[in-house]
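Data first, discussion second: the structure below is written as structure tokens.
What follows is calculated from the coordinates using simple rules that are stated; it is not laboratory data. Quantities reported herein were computed from a predicted structural model and do not represent experimental measurements. When we count neighbours, we look across all protein chains shown, and the Cβ atoms used for this are built from the backbone with ideal geometry, even at glycine.
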Amino acid sequence: MGLVAVTAGLFALGAYLGRDLSYGWGFAAFIASFGLLIGLSFAARRSEQLAIGLLFGFGVLIGLGTAPTIAHYASTNPQSVWQAGGATALFIAGFGAAGYATRRDLSGVARACFWALLALIVFGIVTIFVRIPNGALIYSIAGLVIFAGFTAFDFQRLRRTQDIRAAPLLAASIFLDVLNVFLLLLSLFNRD
């Protein structure tokens, strides 16, 4: 969990430094962060230090990438950023504790969540071109349900994993759960 905390701190640093970035530069940082995430999956097998460095670089770059979005929400409805942060902490604590404590194998839940996430991505692309009443609300709530499952699964993996080399990848998974829940709640709290 220490790696997750440091990555979150570096995310906050990146978001602070990138608060004045244009959406174009934010998008470039967002794409670069996923390049680091792919590199992290390969580096985790070879070098723990390299994997941790890539994880921390990912935290900074994803912070830079999401900074324009967070800055927009902070300028239009600053209270929603704090509400989303608090609700994210409660959400992750609740579903993380449930996943950590359960003895039932949640790998089937993770598979279902993966396919549901792919369907949600397709739904998001469709809503760009087709107006669906309450599409953003449906997207946010479905995303929260999906990431509830991922959060429980990742915390169960945290309890069961003995391999220290898996720590950077597991930290990245938990951090992505936290980030996605935060962004979904931020969207939910800023509905028109």
Over the chain: helical MRE at 222 nm, DSSP H runs n ≥ 4 each giving -39500 (n - 2.57), nearest 500: -29500 deg cm²/dmol
Mean projected area in nm² (Cα convex hull; one quarter of hull surface) for the chain: 10.9
Give me 187, 41 sorted ascending by neighbouring Cβ count inside 10 Å, so fewest comes first. 41, 187
Can you sort 76, 69, 7 from fewest to most other Cβ atoms within 10 Å of each residue's own Cβ? 76, 69, 7
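Which longest run of the chain has no exposed loop site in it, a site being trypsin sites (Lys or Arg not before Pro) in a DSSP loop with at most 10 other beta carbons within 10 Å, and the site itself not part of the run? Working shown, then result.
Details: sites that count: 46, 103, 104, 131, 191.
It runs 132-190.
For the chain, give the magnitude of the charge dipole about the Cα centre (Cβ charges: +1 Lys/Arg, -1 Asp/Glu; no others), in debye to the nearest 20. Working shown, then result.
Working: 12 positive and 7 negative charges, 87 e Å.
The calculated dipole for the chain is roughly 420 debye.
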Counting only C-alpha contacts under 8 Å and six or more residues apart, can you give the relative contact order of segment 77-192 as a whole percent? 46
In the chain, with Lys and Arg counted as +1 and Asp and Glu as -1 at Cβ, which of these residues, 1, 65, 133, has the Cα nearest the positive end of the dipole, that is, farthest along it? 1
Got a sec to turn the phi values of segment 78-83 into Karplus ³J(HN,Hα) couplings, 6.51 cos²θ - 1.76 cosθ + 1.60 with θ = phi - 60°, whole Hz, x for Gly and Pro? x, 5, 5, 5, 5, 4
Rg to Rh ratio, segment 1-76, alpha-carbon atoms and Kirkwood radius? 1.04
Calculate one ³J(HN,Hα) per residue across segment 20-30 by plugging θ = phi - 60° into the Karplus curve 6.51 cos²θ - 1.76 cosθ + 1.60, and present them in order as whole Hz with x for glycine and proline. 9, 5, 6, 4, x, 5, x, 5, 4, 5, 4
Which one of 119, 87, 152 has the biggest mean-square fluctuation once the chain is modelled by GNM with Cα springs under 10 Å? 119
